[in-house]
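Worksheet: the structure to be examined is printed underneath.
The values are calculated or read from the model by the stated rules, or taken from the named source; none is laboratory data. Just so it is clear, the model here is predicted, and its values are computed rather than measured. Cβ: placed from backbone, ideal geometry, glycine included. Neighbour counts: every protein chain shown.
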Amino acid sequence: MKKLVSFILCIYFIFPLLAGAENPSPEETFKKSFPKNNFESISPTSIKGIYEVYTGNQIYYFLPEAEVIIHGSIISKDGVNLTRQSNLKKMAPKMAALPLESALKIGNGKTTVIEFTDPNCPYCRKAFDLLSQRKDVTTYVFLIPLSQDSERKIRHIFCSKDKSAAYENVMAGKLDNNAKLNICNDKKAEEVMITHRRMASQTGVRGTPLFFIKGQIVDGFDKTAIDNLLNN
């Protein structure tokens with residue numbers, strides 16, 4: 001009788017292990033199918049059989065049964081970009097952990113705004129106009145160049161003695177049309193520019209402007225969303 005009980009217990013504990021081996025997790029299947037692809041998390045989506053792969057700065061999708069990857073966005077019937085929504089949610093804690101000492105500090109208001117911007121981006125300049133009118137905001141600016149001219153203007157800002165004034169002049173358009181720029185070879189300025197690009201890459205910023213306000217991300221110059229967050 002003792003032998004029979006031992007045999008039953010043995011089958012009871014071994015069978016789940018065998019079942020698990022026959023049904024690998026999505027993570028295990030992904031690692032086997034795409035061993036060179038690193039990921040931060042893999043989670044199920046609202047669509048059966050499709051999993052969201054988050055790399056740390058972008059999202060794509062994995063179908064374990066077909067062992068294929070799909071790039072693109074999932075859009076709901078209501079027109080909501082679920083991929084973008086999920087990505088912004090995952091970006092938020094990364095934004096909250098950014099080293100603000102490397103950012104360009106503008107203003108002394110009680111509300112902190114983190115912004116990724118490009119000096120030639122028209123919507124970034126509209127955002128600058130909006131935020132510069134408020135006295136209740138401190139903006140920590142990370143500058144990322146989306147063009148060669150933008151990179152020269154960013155270098156001008158970090159080469160200037162008064163960086164805040166240089167930033168304001170650039171964003172106000174005072175240094176457009178091939179204006180003379182202060183381009184230096186200062187090592188510290190170069191290090192700050194590299195840090196800003198690295199912060200953009202690590203947090204998954206792909207376009208400008210992008211804001212982090214009161215724990216929420218605003219992707220693009222959405223004046224209504226910005227005002228609502230700042231006024232509440």
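Look at the range 178-232 and say how many of its residues are within 18 Å of residue 91 (Cα to Cα) and aliphatic (A, V, I, L, M).
Result for the range 178-232: 10.
Just to verify a result, which residue in the range 129-146, among those that are part of a strand (DSSP E or B) and of a type outside the set (A, V, I, L, M), is nearest to the chain's Cα centre (by Cα)?
Result: 142.
From the list 126, 90, which one is surrounded by 11 or more Cβ atoms within 10 Å (Cβ to Cβ), in a helix (DSSP H, G or I) and over 19 Å from the mean Cα position of the chain (by Cα)?
Only one candidate passes the filter, namely 126.
Please state which of the following conditions residue 101 fails to meet, knowing it meets all the rest: (1) without any contact (Cβ under 8 Å) to a residue 12 or more places away in the chain; (2) in a loop (DSSP other than H, G, I, E, B); (3) charged (D, E, K, R).
If we test residue 101 against (1) without any contact (Cβ under 8 Å) to a residue 12 or more places away in the chain; (2) in a loop (DSSP other than H, G, I, E, B); (3) charged (D, E, K, R), just (2) comes out false.
Taking the conditions exactly as written (part of a strand (DSSP E or B) and over 30 Å from residue 169 (Cβ atoms)), does residue 47 satisfy them or not?
No; evaluated as a whole, the condition is false for this residue.
For the structure I just gave you, tell me whether residue 166 is in contact with a helix residue (DSSP H, G or I) (Cβ under 8 Å, 6 or more places away or on another chain) and at negative phi.
yes
Of 189, 166, which residue is over 16 Å from residue 124 (Cα atoms), among the small types (Gly, Ala, Ser) and part of a helix (DSSP H, G or I)?
Only one candidate qualifies: 189.
Kindly evaluate residue 176 against the criterion of being assigned to a loop (DSSP other than H, G, I, E, B), out of contact with any helix residue (DSSP H, G or I) (no Cβ under 8 Å at 6 or more places or on another chain) and assigned by TED's automatic domain parsing to the domain that holds residue 106.
yes
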